[in-house]
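The values are calculated or read from the model by the stated rules, or taken from the named source; none is laboratory data. Values in this document were obtained by computation on a predicted structure and should not be read as measured data. Cβ coordinates were reconstructed from backbone atoms using ideal geometry, including for glycine residues, and neighbour counts include every protein chain displayed.
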């Protein structure tokens, strides 16, 4: 058999060209390993034919390919490691890595920043929970992601939380009502000084969910929802403070903001809203469509519509220790401990003249029991993950039959998926998993999607789990 040197390198060039077009890491790896097998085969043929002067060239090609393979293996570890873990971690830009030394470039896919010229790292280090930040044109060319009519239609649904606020700071008269609201139950659009607040719009509108995902430089465990405020001229909810971090993105029209770092957070007791008793603003801004204001918790602020306007509030909840402790202890009580604990014993209990009095030894036993429960670290972490991933009570999923062949999938916009080193959490439930299964499920949680190749390579256990999530409506077929 004659060996065609030109044909070999022509074939190699074609393979490299194909590699350059691939945007998926898996496809790159597949092509690289296939090419390595071809070179191994050709090397054996060359040796058998005694073409020794060409062996060195083949060996050089083999060495170069080995470098590609080594890089791919390290890159795979970086892709599937937890972010910022180990020397192979590649952070959030794994899809932007370049194989420049091999002439292969992988297309970079990033989410457009909403922080202007400030990087997420700088923002989290210098502003997050520390001080306000005004970003002009955080979303250039911003247009409302749903019309006024669509927002009013959402407010009319019983499974959507909505509120109506009327009043203004001058008259000091305020009213407050909970929805749902039929269109005719709202004030006329021509009337000033009223505001409609619609919570969780990201759970119902894909475009708003996509906007929400642009803020994923903050952990998902902290995300609350996206609220849309529609206001007529002069509308607002009065000077107040929030107990959570919030990004206030102007989507339509203008809103005048006044803010203050005041320590006096006393509230009025004569109105149905949490309005500050003595608001003393120190800074003033007018936000137009595309502008955004970040405020840390307990920062006093007031926003008043200048004409008709819409403002999107991307909120990040902060759990109180009381609620967290109550919820975790309740969940821990429902979990089976790893081993059977000794029951309470009181062999030294004497007779008593006060039978209704709780024995001190029993009180001490109870304290020890609580401390012991909190020492079950993995159970505590499991309970926390289930709590943080639990949907709100008004959230419903629409189930559907699982397809015969699994294709590309994405998380439903209502689904919340988290993980830690031991568990994967989805919508209030948990699964203990390790190894390859954990890596693919963590990838789903971080990217909120899996392509058909990643699904096909997953274990039977993961595929069965994915099918159950599809049937529950927690996953959707990717478009």
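Inside region 322-349, residues that are within 15 Å of residue 368 (Cβ to Cβ) and in a loop (DSSP other than H, G, I, E, B) make up a count of 7. The lone criterion from (1) free of Cβ contacts under 8 Å to residues at least 60 places away in the same chain; (2) part of a helix (DSSP H, G or I); (3) surrounded by 13 or more Cβ atoms within 10 Å (Cβ to Cβ) left unmet by residue 446 is number (1). A single entry from 153, 138, 221 fulfils the requirement of being more than 20 Å from residue 249 (Cβ to Cβ), touching a strand residue (DSSP E or B) at 6+ places or on another chain (Cβ under 7 Å) and either part of a helix (DSSP H, G or I) or at pLDDT 95 or above (or both): 221.
Which one is surrounded by the fewest Cβ atoms within 10 Å (Cβ to Cβ), of the residues in region 191-203 that are more than 17 Å from residue 273 (Cβ to Cβ) and either outside the structural domain of residue 162 (by TED's automatic domain parsing) or out of contact with any helix residue (DSSP H, G or I) (no Cβ under 6 Å at 6 or more places or on another chain) (or both)? Selected residue: 191. Restricting attention to region 451-473, does a residue exist that is within 17 Å of the chain's Cα centre (by Cα), within 27 Å of residue 205 (Cβ to Cβ) and either surrounded by 16 or more Cβ atoms within 10 Å (Cβ to Cβ) or assigned by TED's automatic domain parsing to the domain that holds residue 222 (or both)? There is no residue in region 451-473 that is within 17 Å of the chain's Cα centre (by Cα), within 27 Å of residue 205 (Cβ to Cβ) and either surrounded by 16 or more Cβ atoms within 10 Å (Cβ to Cβ) or assigned by TED's automatic domain parsing to the domain that holds residue 222 (or both).
When the residues of region 110-166 are filtered to those that are touching a helix residue (DSSP H, G or I) at 6+ places or on another chain (Cβ under 8 Å) and surrounded by fewer than 12 Cβ atoms within 10 Å (Cβ to Cβ), the one that is nearest to residue 231 (Cα to Cα) is 112.
Yes or no, residue by residue, for (1) buried (at least 19 other Cβ atoms within 10 Å of the Cβ); (2) over 28 Å from residue 333 (Cβ atoms); (3) touching a residue at least 60 places away in the same chain (Cβ under 8 Å):
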site	(1), (2), (3)
357	no, no, no
387	no, no, yes
408	no, yes, yes
422	no, no, no
432	no, no, no
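In this structure, does residue 226 turn out to be within 22 Å of the chain's Cα centre (by Cα) and part of a strand (DSSP E or B)? Yes: the conditions hold for residue 226. Inspection of region 367-377 identifies no residue that is closer than 21 Å to residue 470 by Cβ and not in a loop (DSSP other than H, G, I, E, B). Checking each residue in region 156-194 for being in a strand (DSSP E or B) and over 24 Å from residue 223 (Cα atoms) picks out 165, 166, 167, 168, 173, 174, 175, 176, 177, 194. Scoring residue 290 on the criteria (1) touching a residue at least 60 places away in the same chain (Cβ under 8 Å); (2) loosely packed, with under 15 Cβ neighbours inside 10 Å; (3) out of contact with any strand residue (DSSP E or B) (no Cβ under 6 Å at 6 or more places or on another chain) leaves a single failure, condition (2). Each residue in region 244-259 was checked for being farther than 18 Å from residue 142 by Cα and under 25 Å from the mean Cα position of the chain (by Cα), and 3 of them qualify. Within region 122-135, the set of residues being farther than 12 Å from residue 249 by Cβ and in contact (Cβ under 8 Å) with a residue 40 or more places away in the chain comprises 123, 124, 127, 128, 129, 130, 131, 132, 133. Against the test of being in contact with a strand residue (DSSP E or B) (Cβ under 8 Å, 6 or more places away or on another chain) and either modelled with pLDDT of 95 or more or not in a strand (DSSP E or B) (or both), the options 405, 462, 440 yield a single qualifying residue, 440.
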